[in-house]
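For reference, the structure is listed below as structure tokens.
Just so it is clear, none of the values below were taken in a lab; they were calculated from the coordinates. Here the structure is a predicted model, which means the values were calculated and not measured.
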2 protein chains.
Amino acid sequence: MTTLVFGHKSPDTDSTGSPIVWAWYLNTVLNVEAKPALLGEPNTEALFMLDHWKLDKPEIISDVADDQPVVIVDTNNPAELPANINNADIRAIIDHHKLVGGLETKGPIHIVMEPLACTATIMWKIIGKDMAQMPDDIKGAMLTCILSDTLEFRSPTTTQEDKAVAWSLAESLGIDIPTYAAQMFAAKSDVSSFSEAELLRMDSKEFEIDGKQFRVSVLETTSPASVLDRKDALMAAMPAVAKEDGADEVLLFVVDILNEEATLLIPNDMTKTVAEKSFGVTVTGDTVVLPGIMSRKKQIIPNLKV
Amino acid sequence: MTTLVFGHKSPDTDSTGSPIVWAWYLNTVLNVEAKPALLGEPNTEALFMLDHWKLDKPEIISDVADDQPVVIVDTNNPAELPANINNADIRAIIDHHKLVGGLETKGPIHIVMEPLACTATIMWKIIGKDMAQMPDDIKGAMLTCILSDTLEFRSPTTTQEDKAVAWSLAESLGIDIPTYAAQMFAAKSDVSSFSEAELLRMDSKEFEIDGKQFRVSVLETTSPASVLDRKDALMAAMPAVAKEDGADEVLLFVVDILNEEATLLIPNDMTKTVAEKSFGVTVTGDTVVLPGIMSRKKQIIPNLKV
């Protein structure tokens with residue numbers, strides 16, 4: 001049976017590109033029949049990657065069948081995976097997030113998790129000398145994943161290993177990183193076609209802090225004004241999104257990639273308290289700027305207090 | 001703060017030796033201050049290993065403090081770890097069992113799990129060229145772990161990688177594997193000093209099958225008669241052990257290493273049903289021989305039916 005390789009729901013670039021990379025590795029190097037899949041519509045930056053490197057858009061699946069062989073990449077969180085995931089035949093997990101707990105396997109499997117910025121960097125290390133066989137379109141996907149997850153090396157999650165792999169790929173592809181990253185971020189910043197509810201869910205993960213459920217949404221953009229111009233409509237959409245998704249609050253962080261800061265929307269007193277307790281700022285209006293904050297994983301989640 | 005490296009409760013050879021190997025690697029190669037620890041008294045084979053290679057017996061700890069840096073090896077099951085484990089600072093997990101779920105980390109960490117017979121084999125792969133620095137006593141621990149977990153390559157969990165690493169270590173140490181393994185298994189088989197309750201808990205893991213809790217105990221021995229001579233007393237001790245440990249039944253498999261078969265004790269109708277449904281045998285007395293059954297992980301647990 002063909003092995004399905006997929007990342008998390010609401011696919012970003014890493015969750016779209018890394019399954020393509022790993023499916024290539026399984027098919028070409030390990031002789032295991034595999035294909036990449038998506039758990040939803042990829043974001044605009046991921047679509048740019050597919051278009052730029054002329055890669056087929058993976059099929060979007062809604063669930064997995066019992067005993068379906070799967071490889072999970074870029075997450076280990078059952079909440080971000082198909083409902084039936086623990087009845088699938090999980091063959092491997094490659095991830096760079098904290099261990100959440102909840103996934104179970106029927107027997108011992110391959111699991112590699114490393115505190116690197118990007119799943120694709122871990123794959124590069126595993127693939128090793130077989131990188132020599134990798135065609136340019138797959139290398140392009142890998143490079144795009146790393147530049148996306150590191151925000152072109154600006155994110156504090158960036159490690160020397162992520163940088164070294166990206167530089168090596170860019171050199172081999174003849175890509176100028178600043179030019180290419182600017183194209184990627186422009187694609188990601190073009191969110192005009194999305195509704196407010198879609199924006200709130202685009203890059204969003206749920207976390208429980210002191211018994212409260214937060215939907216922590218991040219919009220990384222080179223054009224924060226185009227999002228912040230819609231702040232009233234975004235705040236108006238929050239209660240319905242929170243309710244539908246079983247959360248108590250939506251926290252929307254608009255990350256300004258170029259100026260390396262985040263703007264947090266403050267729709268109510270609860271959010272104001274969270275902002276002040278978590279980031280040591282004083283909130284006066286309906287937004288607050290958080291200098292240097294770029295990473296949900298490394299800077300937002302570990303600091304959240306209610 | 002010194003990083004503590006430990007395996008599971010009821011330490012066998014791998015859970016005693018692998019922490020010693022990894023603490024050596026952290027201290028000597030990675031310059032991270034570390035020491036091995038034990039979560040209980042090691043079994044007689046593990047004690048033989050410590051004695052043979054003149055290794056200090058690691059300190060036995062009962063729990064870990066909040067934020068204590070730890071590396072977990074040879075398990076990922078919170079039930080086999082200190083009660084406070086999820087409040088410790090888990091730095092890495094190296095394991096070869098199925099993913100159980102339940103461990104959580106505060107941030108991304110190093111996790112390597114591979115379907116190999118032994119944790120020490122995974123460590124050998126990670127340590128790589130730095131194996132050149134490893135002293136003989138640590139190599140000896142590594143070899144003992146692999147021969148123990150593979151039952152000298154007889155267990156169906158054995159992979160080519162486990163064999164290759166063991167052969168390489170034995171050659172470097174000038175060890176004759178059959179002679180050394182016979183000494184190890186003789187040490188493991190000398191269980192005369194243990195009470196029945198101790199034998200039932202010596203190498204035992206709890207599993208839930210169809211809503212029933214089973215304590216699945218395995219005694220690997222080159223002298224099955226010395227255990228089976230005590231079968232009446234062992235069966236008599238089962239109800240109290242099950243009750244104290246919150247289990248419904250104890251299943252004791254006496255694994256005959258040399259003849260590559262297991263004898264399952266049948267104290268009651270429930271156990272009889274489990275034996276017949278799980279292994280396709282007909283039970284007539286108070287024991288049943290299961291030819292070829294040597295591995296709890298690979299042959300017993302995946303087949304258990306109620």
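By how many degrees, 0 to 90 and rounded to 10, does the Cα axis of helix A:160-173 deviate from the longest principal axis of chain A?
Roughly 60 degrees, rounded to the nearest 10.
Report P(r) for region B:3-187: all Cα-Cα distances, bin width 10 Å, range 0 to the bin holding the largest distance, values in whole percent.
10, 41, 37, 11, 1
Based on the Kirkwood radius over alpha-carbon pairs, what is the Stokes-Einstein translational diffusion coefficient of region A:42-149 at 37 °C with 0.692 mPa s viscosity, in µm²/s?
Numbers: Rh = 15.3 Å.
Value of D from the Cα-based Kirkwood radius: 215 µm²/s.
If I take every Cα pair under 8 Å that is 6 or more residues apart in region A:196-303, average their sequence separation and divide by the length, what percent do I get for the relative contact order?
The normalised contact order for region A:196-303 reaches 23 percent.
What is the projected area of the convex hull of the Cα atoms of region A:105-261, averaged over all directions, in nm²? Write out the running numbers ahead of the final one.
Values: hull surface 49.1 nm².
Directional mean of the projected Cα hull area for region A:105-261 stands at 12.3 nm².
Which one of A:Val241, A:Val281, A:Val216 has the biggest mean-square fluctuation once chain A is modelled by GNM with Cα springs under 10 Å?
For chain A, modelled as a Gaussian network with Cα springs under 10 Å, the answer is A:Val281.
Percent relative contact order of region A:3-187, based on C-alpha pairs within less than 8 angstrom and at least six residues apart?
RCO, region A:3-187: 22 percent.
Rg (Å, one decimal) plus Dmax (Å, integer) for the alpha carbons of the protein assembly as shown?
Considering the protein assembly as shown through its Cα atoms, Rg and Dmax are 26.7, 82 Å.
Report, in degrees rounded to the nearest 10, the 0 to 90 angle that the Cα long axis of helix A:269-279 makes with the longest principal axis of chain A.
60
Taking chain B as the reference, fit the longest principal axis to its C-alpha atoms, fit the long axis of helix B:136-149 to the helix C-alpha atoms, and give the angle between the two in degrees, 0 to 90, nearest 10.
Between the helix axis and the principal axis of chain B, the angle is about 30 degrees.
P(r) tail for region A:196-303, what percent of Cα pairs lie past 16 Å? Provide the component values of the computation, followed by the final result.
Numbers: 3069 of 5778 pairs.
Within region A:196-303, distances greater than 16 Å cover 53 percent of Cα pairs.
Test of understanding: in a Gaussian network model of chain A with alpha carbons linked when under 10 Å, which of A:Pro19, A:Pro42, A:Pro82 would top the mean-square fluctuation ranking?
Among A:Pro19, A:Pro42, A:Pro82, the largest mean-square fluctuation in the Gaussian network model of chain A belongs to A:Pro82.
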